[in-house]
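Let me begin by presenting the structure, written as structure tokens, before commenting on it.
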Amino acid sequence: MAKIELSFYPGCSSQKGATSSNYLVSAQTMCEELDIQLNEIPDWNCCGASIGYGGGGELPRLTLSARNIALSEEHNKGQEIVATCAACWLSTREAKERLHEDEQMFKDANAALSEAGLKYEGEANVRHMVEVLVEDIGFDGIKEKVKKPLEGLKIAGYVGCQTNRPFGIAGESFENPMYLDNIVDAVGAESIPTYEKKVQCCGGALAFSEPEKSQEMIKGILEAAYDNGADMIVTPCPLCQANTEIYQDQINEKYGTKFKMPIVYYSTLMSVAFGRSAKDAALDGHVIPAKQLEEIANK
Amino acid sequence: MSDLNTSMIEKYRSSFLKEVEANVEEGEWVKMCMQCGVCSGSCPLGKHWDHPPQEIFMMIRANKREEVLGSDSMWMCTSCYNCIARCPRGLPITHIMHGLAVYSKRLGLTPKKQPTAEFSQIFWDNLMKKGRVNELKLGLSMNFKDGFGEGVKNAMANQKLGQNMMKAKRMNPMEAFGGHGVKSPGDLQKIIKKAQEIEESKIQAAK
């Protein structure tokens with residue numbers, strides 16, 4: 001397969017010492033194995049995520065993403081933009097669509113960008129990494145690269161919200177997307193296509209501001225995974241990952257549950273299945289260790 | 001009451017709907033709501049809204065200005081986009097709720113100490129400092145937003161979580177002394193300041 005080159009928007013949480021730094025490590029490992037070259041957008045900024053709107057309003061928020069797209073168009077010309085973070089992808093793609101539909105907004109964003117000598121054209125395609133996997137590599141393409149099938153593991157595919165709505169992955173339904181289950185199957189594990197909480201909201205940014213309301217939802221997501229006999233949960237979203245993993249202690253304390261469910265990324269699964277080390281799969285970056293994956297990686 | 005709020009009341013006295021259409025992000029969609037209630041039933045935090053989206057839309061059309069803009073309902077939105085995905089008429093409900101929340105904040109009508117409103121501003125201020133989010137400072141600002149005493153209590157409650165994250169190298173205490181950022185935060189701030197000025201001038205023009 002020919003090498004795929006993409007203009008990469010890693011996002012704040014992927015940086016060293018940040019909440020999803022382990023996502024970045026495993027995504028890079030996965031891309032090495034799939035012959036995908038990630039060219040980081042130089043000097044990218046935060047997209048505002050799904051909560052910045054309250055401080056930033058409309059145009060300032062859209063302009064943040066316009067700057068990233070402008071930088072990509074200047075430095076990674078002709079390449080599609082790809083994000084691994086759901087909110088990064090959503091914000092960037094939303095900004096592109098809004099500036100495309102609204103001529104005045106397009107002019108206004110450019111007026112703002114010109115303060116620093118930047119120009120936004122909005123030509124670049126904005127994609128999520130799972131789109132690249134599903135559409136460019138394909139489930140068979142993933143399967144071909146598997147050296148250590150994740151046999152005997154039952155994994156609940158938790159797609160969450162923003163990788164799924166409002167844009168979603170072409171050909172998938174908003175209510176019952178199957179691609180994550182197909183990835184689980186492709187790496188040799190057992191998927192749970194009827195995992196009923198696969199698109200349930202975890203609270204997103206409100207896990208900070210409304211912890212009790214959010215943790216009630218997270219509890220349901222974890223409970224359903226246990227009820228379905230899952231060994232672990234896999235997700236494509238950094239905030240879903242963090243929210244469902246790091247509050248398990250607090251949920252246990254509040255509800256008397258005994259949750260200890262590992263939450264990994266699709267890139268974690270693929271890194272291990274492609275035969276890479278536990279370190280390359282960033283298994284050391286989990287608060288709740290995915291011991292079964294560690295065992296396979298160390299074999 | 002803010003001056004802006006007073007002048008908006010005077011200008012749109014006869015129609016809150018027109019005020020929303022002119023000043024709220026995606027507000028021109030409000031009249032398209034057919035009151036089916038799918039959005040309200042689809043909202044993951046629906047039970048916590050004083051007025052779920054369907055009601056908000058009807059209240060806007062019924063001139064319930066104070067009740068809508070003074071409500072903390074819109075701040076319950078988690079940005080899950082369920083309502084957008086399911087709305088039979090394709091209303092961009094998530095964005096309208098965000099827009100109403102921002103508009104109410106701009107007019108000084110958001111309930112005091114609304115936690116998501118506070119967090120949203122803290123998040124924005126945090127990212128604007130260096131162009132990228134400093135997660136450590138974000139966590140600290142959130143813990144200490146209600147003063148030192150509450151802050152210590154929150155920090156104690158989240159102590160184990162913090163330790164776990166540091167052990168996994170997903171939280172870095174050194175972020176307190178700098179952290180990640182764009183090369184020239186000043187340039188980014190100039191861009192965003194300009195964008196804010198443009199947005200501000202539109203609202204002023206609508207007065």
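The values are calculated or read from the model by the stated rules, or taken from the named source; none is laboratory data. A quick note: this is a predicted structure, and the numbers were derived from the prediction, not measured. Note: ideal-geometry Cβ built from the backbone for every residue, glycine included; neighbour counts use all protein chains shown. Note: accessible area is taken over every heavy atom of the protein model, side chains too, but ligands, DNA and RNA are not part of it. Shrake-Rupley method; radii C 1.70, N 1.55, O 1.52, S 1.80 Å.
From the list B:Ile96, B:Ile84, the one residue that fits, being within 14 Å of another protein chain (Cβ to nearest Cβ), open to solvent by less than 10 Å² (accessible area, probe 1.4 Å) and in a helix (DSSP H, G or I), is B:Ile96.
Scanning the range A:244-292 for residues that are of a type in the set (Gly, Ala, Ser) and either in contact (Cβ under 8 Å) with a residue 12 or more places away in the chain or not assigned by TED's automatic domain parsing to the domain that holds A:Gly188 (or both) yields A:Ser267, A:Ser271, A:Ala273, A:Gly275, A:Ser277, A:Ala278, A:Ala281, A:Ala282, A:Gly285, A:Ala290.
Scan the range B:45-63 for residues that are more than 14 Å from every other protein chain (Cβ to nearest Cβ) and crowded, with 17+ Cβ neighbours inside 10 Å and the total you get is 9.
Looking only at residues in the range A:20-43 that are in contact with a Cys (Cβ under 9 Å, 6 or more places away or on another chain) and not in a helix (DSSP H, G or I), which one is surrounded by the fewest Cβ atoms within 10 Å (Cβ to Cβ)? Step by step, filter the range A:20-43, then rank; the result is A:Gln37.
Taking A:Gly138, is it away from chain B (no Cβ under 12 Å), on the phi > 0 side of the Ramachandran plot, surrounded by 14 or more Cβ atoms within 10 Å (Cβ to Cβ) and at pLDDT 95 or above? Judged against the criteria, A:Gly138 is a match. Filtering the range A:124-134 to residues that are at pLDDT 95 or above and touching a Gly at 6+ places or on another chain (Cβ under 9 Å) leaves A:Leu133, A:Val134. Checking B:Leu161, B:Leu140 one by one, the residue that is hydrophobic (A, V, I, L, M, F, W, C), more than 8 Å from every other protein chain (Cβ to nearest Cβ) and closer than 18 Å to A:Ile246 by Cβ is B:Leu140 and no other.
Do we find that B:Lys129 is more than 8 Å from chain A (Cβ to nearest Cβ) and of a type in the set (Lys, Arg) in this structure? Yes; evaluated as a whole, the condition is true for this residue. Across the range A:26-57, which residue is farthest from the other protein chains (Cβ to nearest Cβ) among those that are farther than 26 Å from A:Glu74 by Cα and touching an Asp or Glu at 6+ places or on another chain (Cβ under 7 Å)? Only one residue fits best here, namely A:Thr29.
If only residues of the range A:225-267 that are over 26 Å from A:Ile169 (Cα atoms) and β-branched (Val, Ile, Thr) are counted, the one that is nearest to the chain's Cα centre (by Cα) is A:Ile246.
The single condition among (1) within 30 Å of A:Asp249 (Cβ to Cβ); (2) surrounded by fewer than 15 Cβ atoms within 10 Å (Cβ to Cβ) that B:Lys193 does not satisfy is (1). In the range B:113-140, the qualifying residues are those that are touching a Cys at 6+ places or on another chain (Cβ under 7 Å) and farther than 25 Å from B:Met74 by Cβ, and the one that is least open to solvent (accessible area, probe 1.4 Å) is B:Gly131. Can you tell me which residue within the range A:10-34, out of those that are without any contact (Cβ under 8 Å) to a residue 12 or more places away in the chain and hydrophobic (A, V, I, L, M, F, W, C), is farthest from A:Ala86 (Cα to Cα)? Filtering first and then ranking leaves A:Cys31.
Scanning the range A:129-163 for residues that are in a strand (DSSP E or B) and among the β-branched types (Val, Ile, Thr) yields a single hit, A:Ile155. Of all residues in the range A:82-108, those being surrounded by 24 or more Cβ atoms within 10 Å (Cβ to Cβ) and under 21 Å from the mean Cα position of the chain (by Cα) number 12.
Residues in the range A:144-182 that are loosely packed, with under 15 Cβ neighbours inside 10 Å and charged (D, E, K, R): A:Glu144, A:Lys147, A:Glu151, A:Glu175.
Looking at B:Glu25, B:Glu19, just one residue is closer than 30 Å to B:Gln204 by Cβ, in the same structural domain as B:Cys87 (by TED's automatic domain parsing) and outside any loop (DSSP other than H, G, I, E, B), and that residue is B:Glu19. What are the residues in the range B:175-190 that are more than 7 Å from every other protein chain (Cβ to nearest Cβ) and open to solvent by 30 Å² or more (accessible area, probe 1.4 Å), if any? Answer for the range B:175-190, where residues must be more than 7 Å from every other protein chain (Cβ to nearest Cβ) and open to solvent by 30 Å² or more (accessible area, probe 1.4 Å): B:Ala176, B:Phe177, B:Gly179, B:Ser184, B:Pro185, B:Gly186, B:Gln189.
Exactly one residue among B:Ser73, B:Ser40 is open to solvent by 20 Å² or more (accessible area, probe 1.4 Å) and among the hydroxyl-bearing types (Ser, Thr, Tyr), and that residue is B:Ser40.
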